[in-house]
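Down below is the structure, laid out as structure tokens.
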Amino acid sequence: MAEEAPRPIIVKRKKIIAGGAHGGAWKIAYADFVTAMMAFFLLMWLLGSIDGDVRGGIAEYFKMPVKVALTGSGASPSAINIKGGGQDSKMKAGAIQKTNESKEEINIKKAESALKKEEERKMQDMKRALEDLIDSNPKLTPFKNQLLIDVTSEGLRVQIVDEQNRPMFALSSAELSATAKSIIKELAPTLNEMPNKISLSGHTDAKPFANGSLEYTNWELSSERANEARRVLIQGGLQEGRLLRVIGLSSAVLLDAQDPLNSINRRISIILLNKHAEEAAESEGSRPTINLNKTPESNWDTTEPLDSPK
């Protein structure tokens, strides 16, 4: 059999021509660039539409370690609520409102604490001023042991007490002794210079009247002694409008509770009221009134005491 002639080898070469401007690679890169720019401007808009507290919360979030952020352990980032951006999925309903209310409560407590400290500072300043007055006034210095000055929850308290051989009142009497009148009159001008309203109270020891009368007791006696001290204070120059309360407390508030019959319990107490105590005293006895001309929903009006004159 005759051998066949070798077949020729044919090589086909395909020439690839680049698409040039009609290719698609650059479009992908451009789309990525546009997407990144849109995300950037959206982020800028969101940051510009929130307040400083929320921005602070976001900053705190990114300061957290990666492990804490991923696992949720340790301190959690502040609650964030972005307008138009929805709410953190882990945040419960009303969490933001509660957070704001908590902040307001903290601010109120801080303000109240600062006001209380300022009141205490003023009371201590007035205490030092009265002590300096007693030390520098020759009419008061001899009676220094009978003047007790301290700061209480109600304000600055000045107590004028009995001393051996120097009683303020005659036994079972509301008439002030000459010594007591001199002390009270000397205190009046200084008290008048201080802006605080004044509470004045009379006190007795626990010894009952010998006849055991129910018509006249230590309650009546302490009230009359407080009124007598009020009259002497006004004679000494105190403005009557400064007095907010004049009461008799009998032996209910003893200075020496261990010895109810101690003469030191017979005393006059003058309190320069702080703001809180002054407001409490002014609101005593205030009751809601009913205005029959109003609708039932608006009947209660707490701005006027029940027994105020019409």
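The values are calculated or read from the model by the stated rules, or taken from the named source; none is laboratory data. Bear in mind that the values here come from a model prediction, so they are computed numbers and not experimental data. Here Cβ is always computed from backbone atoms with ideal geometry, including for glycine, and neighbour counts include all displayed protein chains.
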- [ ] Note down all Cβ pairs under 7 Å where the first residue falls in the range 261-277 and is without any contact (Cβ under 8 Å) to a residue 60 or more places away in the chain, the second is surrounded by 21 or more Cβ atoms within 10 Å (Cβ to Cβ) and among the polar types (S, T, N, Q), and they're at least six residues apart or on different chains.
- [x] none
Task: Selection within the range 125-147 - closer than 20 Å to Asn192 by Cβ, part of a helix (DSSP H, G or I) and of a type outside the set (Asp, Glu) - done: Met126, Lys127, Arg128, Ala129, Leu130, Leu133, Ile134, Ser136, Phe143
Task: Residues of the range 14-58 classified as in a loop (DSSP other than H, G, I, E, B), modelled with pLDDT of 75 or more and of a type outside the set (Val, Ile, Thr), total - done: 2
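Just need a number here: residues in the range 168-197 that are of a type outside the set (S, T, N, Q), under 29 Å from the mean Cα position of the chain (by Cα) and assigned to a helix (DSSP H, G or I). Step through it out loud before you land on a result.
Step one: filter the range 168-197 for residues of a type outside the set (S, T, N, Q), giving 168-171, 174-176, 178, 180-181, 183-189, 191, 193-195, 197.
With the extra rule that they be under 29 Å from the mean Cα position of the chain (by Cα), the set shrinks to 191, 193-195, 197.
From what's left, assigned to a helix (DSSP H, G or I): 191, 193.
Residues flagged as of a type outside the set (S, T, N, Q), under 29 Å from the mean Cα position of the chain (by Cα) and assigned to a helix (DSSP H, G or I) within the range 168-197 amount to 2.
Going through the range 162-177 one residue at a time, which ones are under 22 Å from Leu130 (Cβ atoms) and either at pLDDT 85 or above or crowded, with 18+ Cβ neighbours inside 10 Å (or both)? Can you show your working first?
In the first step, residues of the range 162-177 are kept if they are under 22 Å from Leu130 (Cβ atoms); the result is 162-163, 166, 168, 176-177.
Correct list: Asp162, Met168, Leu176, Ser177.
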- [ ] Determine if the range 151-166 includes at least one residue that is in the same structural domain as Thr204 (by TED's automatic domain parsing) and part of a helix (DSSP H, G or I).
- [x] no
Open item on the list: Can you tell me which residue is surrounded by the most Cβ atoms within 10 Å (Cβ to Cβ) among those in the range 183-210 that are over 22 Å from Gly155 (Cβ atoms) and either free of Cβ contacts under 8 Å to residues at least 24 places away in the same chain or aliphatic (A, V, I, L, M) (or both)?
Closed with: Ala206
- [ ] Considering every residue within the range 209-219, establish whether at least one is aliphatic (A, V, I, L, M) and either closer than 21 Å to Leu130 by Cα or touching a Leu at 6+ places or on another chain (Cβ under 6 Å) (or both).
- [x] no
Open item on the list: List pairs: first residue in the range 236-250 and at negative phi, second residue among the β-branched types (Val, Ile, Thr) and part of a loop (DSSP other than H, G, I, E, B) anywhere in the structure, Cβ distance under 9 angstrom, at least six positions apart or on different chains.
Closed with: Gly248/Thr204; Leu249/Thr204
